[in-house]
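Everything on this sheet refers to the single structure shown next.
The values are calculated or read from the model by the stated rules, or taken from the named source; none is laboratory data. Predicted model, so just to flag it, every value in this text is computed and none were measured. Every residue, glycine among them, receives a Cβ derived from its backbone with ideal geometry; neighbour counts consider all protein chains shown.
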Amino acid sequence: MTVPVRLAAAVLHHRRINNREQITINFLLFHSVNRGLSALVSFLRYFLYLESEVRLKFSVLLVALFIHGCSYSKVSVKNEVEAAKYDPVSTARVRVFSSPESVASYYPGLSCTEAKRVDSKEAKPLRVYENKERYILGRKADLLGMKVEDYRNMTIGMPASETTQELEKDRLAYSEVVVPAGVSSVFSMFYSVNDQNVRAYCYPPSVSISPRAGTDYEVRLILDQKAFGRSSCHVNVKELSGEGAVKKLSETKFYVCR
């Protein structure tokens with residue numbers, strides 16, 4: 001039985017989630033950047049304490065429909081300011097995938113050593129939250145744990161790739177940026193969920209790339225499953241290649257900052 005189904009069953013029988021279920025939830029949360037389970041757990045637990053059984057069961061029905069029909073469909077927004085920086089003779093383009101749990105930032109034109117020396121506040125975030133909208137139940141995000149900005153892909157004209165096709169309706173969105181060619185740029189990512197229900201995190205080393213002029217790249221956080229209850233993650237870099245409209249992903253040289 002899947003975790004959402006067990007949780008729904010717990011709500012219907014008006015019982016708390018047991019320790020074994022909680023361990024399973026924490027484990028799956030860590031390995032599922034692309035699922036809104038954290039928000040789902042919070043949502044279901046809220047209804048565990050409702051007094052009205054009728055309201056409770058009706059709410060579970062709504063949650064079941066929500067689980068079945070939820071979508072992370074994105075809209076693409078052209079970042080005109082960033083796109084204007086691109087010169088195929090002297091710069092390269094990088095697409096970075098992120099989500100509310102998978103946070104990314106970068107240091108254009110800096111090496112690993114230089115990035116370590118500057119204040120982390122000087123890193124450029126890949127996703128800026130400016131909308132102050134309030135959501136249901138007074139939450140700061142919707143029931144999927146997403147804000148308005150999380151449903152936007154910030155683009156500068158990079159071609160589609162195998163990854164964008166795969167993650168078209170996924171939790172991960174992306175931002176495309178311009179970096180100088182021939183010199184290092186550092187990309188940092190980490191995964192973190194920390195609320196009253198679940199805690200999961202992973203802070204891998206940053207990576208540095210020295211891109212070729214006119215070349216497109218993708219940067220993504222990968223969660224590695226070693227064994228039950230033990231996990232790690234790393235930042236991976238791929239180069240876009242091929243002649244088709246949807247580019248393939250190729251291995252490329254990058255450095256892990258130590």
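Just a few scattered comments:
- Among residues of the range 96-111, those that are acidic (Asp, Glu) and in a strand (DSSP E or B), counted: 0
- Lone unmet requirement of (1) under 19 Å from the mean Cα position of the chain (by Cα); (2) free of Cβ contacts under 8 Å to residues at least 40 places away in the same chain for ALA104: (2)
- Hey, ASP170 charged (D, E, K, R) and at pLDDT below 70 or not: no
- The range 206-227, residues that are modelled with pLDDT under 95, in contact with a Cys (Cβ under 9 Å, 6 or more places away or on another chain) and either surrounded by 16 or more Cβ atoms within 10 Å (Cβ to Cβ) or not β-branched (Val, Ile, Thr) (or both): LEU221, LEU223, ASP224
- Among residues of the range 74-110 being polar (S, T, N, Q) and under 17 Å from TYR217 (Cβ atoms), the one that is surrounded by the most Cβ atoms within 10 Å (Cβ to Cβ) is SER98.
- Only listed residue being among the hydroxyl-bearing types (Ser, Thr, Tyr) and under 29 Å from LYS116 (Cβ atoms), chosen from SER185, SER241, SER161: SER185
- Complete set of residues in the range 148-182 that are closer than 14 Å to LEU249 by Cα and either among the β-branched types (Val, Ile, Thr) or in contact with a helix residue (DSSP H, G or I) (Cβ under 7 Å, 6 or more places away or on another chain) (or both): THR163, THR164
- If the condition is being among the hydrophobic types (A, V, I, L, M, F, W, C) and at pLDDT 95 or above, then the range 173-188 contributes VAL177, VAL178, VAL179, ALA181, VAL183, VAL186, PHE187.
- Evaluation of SER111 against (1) in the same structural domain as SER206 (by TED's automatic domain parsing); (2) at pLDDT below 65 (one fails), failing number: (2)
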